Every structure is written in C-alpha cells, then in structure tokens.
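Heads up: the structure comes next, in structure tokens.
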Amino acid sequence: MQHDVVAIVPELMLVAAALVLLLIDPFLPAKGRRGLSWLGIMACLPAAASVWLARSQQFSTFSHGIALDGFAVFFKILLLAVAALAMLLSEKHLARNGRLLGDYYALVLLATVGMMVMASAIDLATFFVGLELMALSSYLLAGFFRHQLRSIEASLKYFLTGSFASAILLFGMALLYGLTGSTNYQQISIAIGSGSLDGHVIVIAVVLLLGGFAFKVAAAPFHGWAPDVYQGAPTPAAAFLSVGPKIAAFAAIIKFFTIMLGSEQARWVPLMIVVAIATMLIGATMALLQHDLKRMLAFSSIAHVGYLLLALIAAGQSHSNFGSSAILFYLAAYAAMNMGAFGVLVFLANSARFNDSLDEMAGLARRFPGAAGVMAVLMFSLAGIPPTAGFLAKFYLFASVVDAGYAWLAVIGVLFSVVSAFYYLRVIVYMYMREPEPEVAAVMEPGGGRSWDLSLGLGLATAVVIVLGVLPAPVLNAAQDAVAKILGS
Amino acid sequence: MHFSTPIFYLVSALVIIPAVLMVAMRNLIYSAIAMIACFIGVAAVFVTLNAELLAASQLLIYVGAISILILFAIMLTRRRSGAICLFFHRQSWAALPAGAALAVVLGIVLGSARFSAGSAPKNPSTANLASLLFNQYAFPFELASLVLLVAIVGAVLLAMRERRS
C-alpha cells in the first residue's frame, strides 16, 4: 500500500495554481486580472520540469492506480505544453469579450490534471475520475462566454453527449470488472488473456468501450457534437478542446485496446477498421462543404482522428511498437498545428471584426501578412505537405499501417489525405490569391491591439511544426521510448 | 440477487418505470417527482446488494437533498407553467427501435453471462467500505473532490450575476 507522492507532484502543482487563481481572482480589479494567465502558464513549467526529472522512474503507486513510466512522462509533458499554449492564446480574447476571469485558467489547469490522470492511470476507477474531471471542466470552458447563445448551446450539447458517452464507457468498464473481478489494467489483461471468460460479454464490453471512446475523440458515428461545440465555444477554448481531450483519450485508448484488450484484437480490429474509414470519410468530405473555418477545422480534426485510429489498428495487429509510437508522434504534431490554426482565428477575431468565415480570409495576406504566413504554414502541415510536422507524422503513421499488413487501409488513408489537401489549400488560395468583397474588406481592416503572448503562442506553434518537420528525431525517439517503457505491457 | 428471484423484477420495475416516466413526462415537476421515485428504486437495488451504507446515503443525499434542490430550481426558474416540452422529439422514431434492439442484445448476452466478480460481498460493512476508500481507492477518492470543486466553480460561472458592470 505504498503511496508514492512523487508520481503526482506535477498534478499537485497544477491544482495548487488553480486554487490560487480561484482564490485571488475575486479580489482583483478588472485590470489586475491581466497577467493571471501567466500564473497558470508558469505553473506548467515546474510541473513539466518535475515530470522530466522523474523520467527514468518506472513504478506504479497508489495501490497500482497510477503509473509513473515513460508513457506517462511523454503524455504529461505534451499535455502541459498544450495547456500552456492554450493559456497563451486566451487572454486578449477573454478580455475583448468581457470574460477575463481567473476561473478560466483554473478550469484549463484542472482539465489538464484530469487528462494527466487519464494518461497515467492503470486502474479503471482512477481513470474514470480523471475523465470526469477533464470532461466537466471542458463543458464549462465551452460555455465560458455565457452571454453568447452559441457558447451556451455548445456547452449544453457537449454536456449532454459527453455525459452519455461517459455512461456508455462506464457500462463497458463495469462489464470488464464484472468479468475479471479487478479494476487494475494488468489484472484485467491477465484474466482476459487466460481465455476462460465469457466471450460474448467481452464483445459487448469492447463495443461499449469503443462507443464511449469514439464519442470522446469525435470519431464517426459519434462525431456530431464536435463541429457545434468548436464553433460555439470561445475560440481559444476550442483550440484547447480540439486537442487536449483527444490526446488524453488516445493515451487511454492505447492502454485499453493494445494492452488490456491486446489478446482480444481479433474482436476489436474489424470494428475499428469500420469506425476509422467512416471517420475519415465523414471528416474529409464534410470539411469540403464548410464555409465556417471553425467548423472546417472541426471536421478536419475528425479526419485526423480517423488517421490516428488507423495507427491504432496497426498497433493492435502487429507486435512491434511502431503503431503506438506513430500515434504519439502524430498527436504531438497535431497538437501544434491544430492549436496554431485556431490561434490564428483568435488573432483575427481580436484584431478585426472577424466571424470565422472563409470569405473573410480573402486578401488576408496583404492586411495581416504575419497571420497569413503562419496560417499558410499550418495549413500545409495539416494537409501533410513537406517539410512540415504534418507530413512526417502522416508518413510514419501510414508506414506503421503498411508495416502491420494493412497496405489497403494505408491507401484509403492517403486518398482521404489527398481530398483533405483541397480544403486546407483553399484557405491559402483565399488568403493569397483572392481579392476580398468590398463589404468584407471594410470589416477586415486591421484594428485593435495585438497581444504579445498570443503572438508568442503562434510563433511557438509554428516553430514546433517546422522543427518537427525538419528534425523529428528527438520527439520520435521519445515516442518510441515512451511506448517501449509502458508499464504492464 | 439473481435474475431468477421475483424481488429482482420488483426492484427493477421500481427503477425502470419511474426512469421512463421521467423522460416521457412533459411537465418538469412530474419528471422531477418520477426522478425521486427512481432514486428510491436505486436505493432498493443497493439494499438487495447488501450495500446498506450506499442505500442510506442514496436516500439521504439524492432523495433528500438533491431532489428537493432540483424541485426548487424548477419552481424558481420557470416563467410560464406547462410550456416546457421535449426537444428531442424528431429523433424518437429512430431511437425507439435502436434502443429496443440494444436492450434485446444486452438482455440476451448479459442474461446468460458468467461473471467472475461474483455476487454481492458476504460481509459488507461500513468499515470495509471505508478501508477500500481510504486505502486502495484513496487517490480517485481524493480526486473526486476536484470534480466537485469544478462543479461548484461551474455553477457559479454559469448562474451568478455578472461580477462587473
């Protein structure tokens, strides 16, 4: 019953920062709230440092509920970076909408704690409480602009669908517990591997788990909430919500499906293939039809989830770590490029009367050359064009799929990827080669101040996208190392 | 408790019928009352599983406190009576067969399932529950306090009057 607090020091730091934010916020005048974001961002730095210092550790604690292993280290650092970036993007946008409150950063930090617990949990009960902590904070972030009807609608939709997803997931987990008599991943894996359990119930449990996770990562046919939520949520919150929960959910998915249900891959792989193809199909084709950039990015992120599921199939099928490490690298690249793309929308909304529509991007290169340049790099990366992170991430991912013997799936993935290039490049065409309509031109005049933390965030995201595209080795090695050092495999 | 005992069906009916009524009622007050009945049914399920402490807390917290709060919330926020209706109506034609099919599949598979976690613990006591909560599940138990904190923050954020003019 050793409870080793070392494993949760980073989480405790974030919780402490969140509590301080909640406590001091009511006593500050409106102007004093500027810079509160830095309290949150600065909490992420020592937290990441403490994760890094413990990187060689390899143990489980809290009665085998939490693992401190290479896998957790990779995901915790990635999640902390995502949280810090989200807070960098937020301040000005919150202030412009009259909602500059410390609570926002506290919710981002607490959601991050939930995600970190999800990534390091090796016990169903621990995992589920982490999931709920993340989910509840996310619903609130989506509805943070409560005076806007769309924001409240996003929050309500997210809450209703998310609660159902949690319940479905919990049902699947309850069946696993009923079958195996344990909540510990490793014990469950051993019990299932023995082959003496009721196969029909395992199938039901797998379907329920898959359904619940599909909701959480917005995979078809449970993707319907994503466009509405990302469109309605405050744009910086949408940046966070489109990345953070997916990273945490994929950490859990890798553990659930390749370790806990690893011996049952014959049962879940066919189902996962259907879900992955449907997800890519819906994401890529629906994104073509969108005129609202936030909805376009939402459908594009659905397509990206489809690619990630392909790699999961590879991870389940082959016994090498190729598929899982491709997922980890892809998630890191996806985090930078997707948050950057949302960040450009935040920048435009702060600087002009911008309504996220494609038409308003016309002629952007002349009015906002910096933002247009950043957006162009990110769109190239999302489309998977070298020399960006998106290209290498897709390359490794499809290579892992081919390696696992699913060349035909990789071909389908590449085809959808080609389709997706159309809607990403369309944004670039609008920015650089179109003249804006007169009424749009009037709206898109530069005005309003810049904020240097937003610029810093955009610069960092773009830099990561380019560096990962040119020098992928450190992150790729870290990803391979993380998957190799996963506890209980 | 097993599928074969009549008391199982009685207790199940006590949970399921109010749950269906709660969703189907057009008047929110009736829905809330059906929800209270459903909560009492859940307490009965806990009793049949020998989980007396859970049954007691279910009655005290859910039936006693939360339901009353919800009733107050409905009465205080409703502007006009009776005008509140379902907003998921258009999908019910698809939801009904899908839900029924799921129920049939789950019923067939789980009805004949062999669960190795076994039946209700033989000798449950508050002390045993406490020792589980504060030893094996101490971390998730403490983490749940953060979930509650977020819920409180959320209630304030969504419902409180604007802090600044």
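Converting phi to 3J(HN,Hα) with the Karplus coefficients 6.51, -1.76 and 1.60 and the offset θ = phi - 60°, the stretch A:177-188 yields 5, x, 6, 9, x, 9, 9, 8, 3, 5, 4, 4 Hz in sequence order, with x at every glycine or proline. Remark: the stretch B:17-29, residue by residue, has Karplus-estimated 3J(HN,Hα) of 4, x, 5, 5, 4, 4, 6, 7, 5, 8, 8, 4, 5 Hz, where x stands for each Gly or Pro and the curve is 6.51 cos²θ - 1.76 cosθ + 1.60 at θ = phi - 60°. By the count of neighbouring beta-carbon atoms within 10 Å, fewest first, A:H223, A:H200, A:H291 end up ordered A:H291, A:H200, A:H223.
When you restrict to C-alpha pairs under 8 Å that are six or more residues apart and normalise by the size of the stretch A:121-175, the relative contact order lands at 29 percent. The Cα trace of the stretch A:34-110 gives Rg and Dmax of 15.1, 47 Å, the first to one decimal, the second as a whole number.
Mean separation of Cα pairs under 8 Å and 6 or more residues apart, divided by the residue count, gives chain A a relative contact order of 16 percent. Both radii come from the Cα set of the protein assembly as shown: Rg as radius of gyration, Rh as Kirkwood radius; their ratio Rg/Rh reads 0.96. For the protein assembly as shown, the residue among A:A349, A:Y105, B:A113 whose Cα projects farthest onto the positive side of the dipole built from Cβ charges is A:A349. Electrostatic bookkeeping for B:L146 treats Lys and Arg as +1 and Asp and Glu as -1; over the other residues with beta carbon under 13 Å from its beta carbon, the sum is -3.
Taking the longest Cα principal axis of chain A as reference, the axis of helix A:70-96 is set at about 30 degrees. When only alpha carbons are used to place a centre, the stretch A:253-283 and the stretch A:43-103 end up 27 Å from one another. Taking other Cβ atoms within 10 Å as a rough exposure proxy, A:L53, A:L209, B:L149 sort from fewest to most as A:L53, B:L149, A:L209.
Using alpha carbons only, how many angstrom separate the centre of the stretch B:27-62 from the centre of the stretch A:215-240? What the calculation gives is 34 Å, centre to centre.
Working note: Karplus 6.51/-1.76/1.60 with θ = phi - 60° gives the stretch B:32-38 the couplings 5, 5, 4, 5, 4, 4, 5 Hz, where Gly and Pro are set to x. Viscosity 1.567 mPa s, temperature 4 °C: what is the translational diffusion coefficient of the stretch B:1-80 from Stokes-Einstein with a Kirkwood Rh over Cα pairs, rounded to a whole number of µm²/s? In µm²/s, the coefficient is 97. Close amide-amide hydrogen proximity is noted between A:S357 and A:L293, each under 5 Å apart and 5 or more residues distant or on a separate chain (H modeled in the peptide plane; Pro and chain starts excluded). About the centre of its Cα atoms, the stretch A:2-484 shows a dipole size close to 680 debye [charges on the beta carbon of Lys, Arg (+1) and Asp, Glu (-1) only; nearest 20 debye]. Exposed loop sites here mean trypsin sites (Lys or Arg not before Pro) with a DSSP loop assignment and at most 14 other beta-carbon atoms within 10 Å; chain A contains its longest site-free run at A:35-352. Report summary: the helix-based calculation at 222 nm, which adds -39500 (n - 2.57) for every DSSP H run with n ≥ 4 and divides by the residues of chain A, gives -25000 deg cm²/dmol.
Computed from the coordinates by the stated procedures, all read-outs in this text should not be read as laboratory data. A quick note: this is a predicted structure, and the numbers were derived from the prediction, not measured. When we count neighbours, we look across all protein chains shown, and the Cβ atoms used for this are built from the backbone with ideal geometry, even at glycine.
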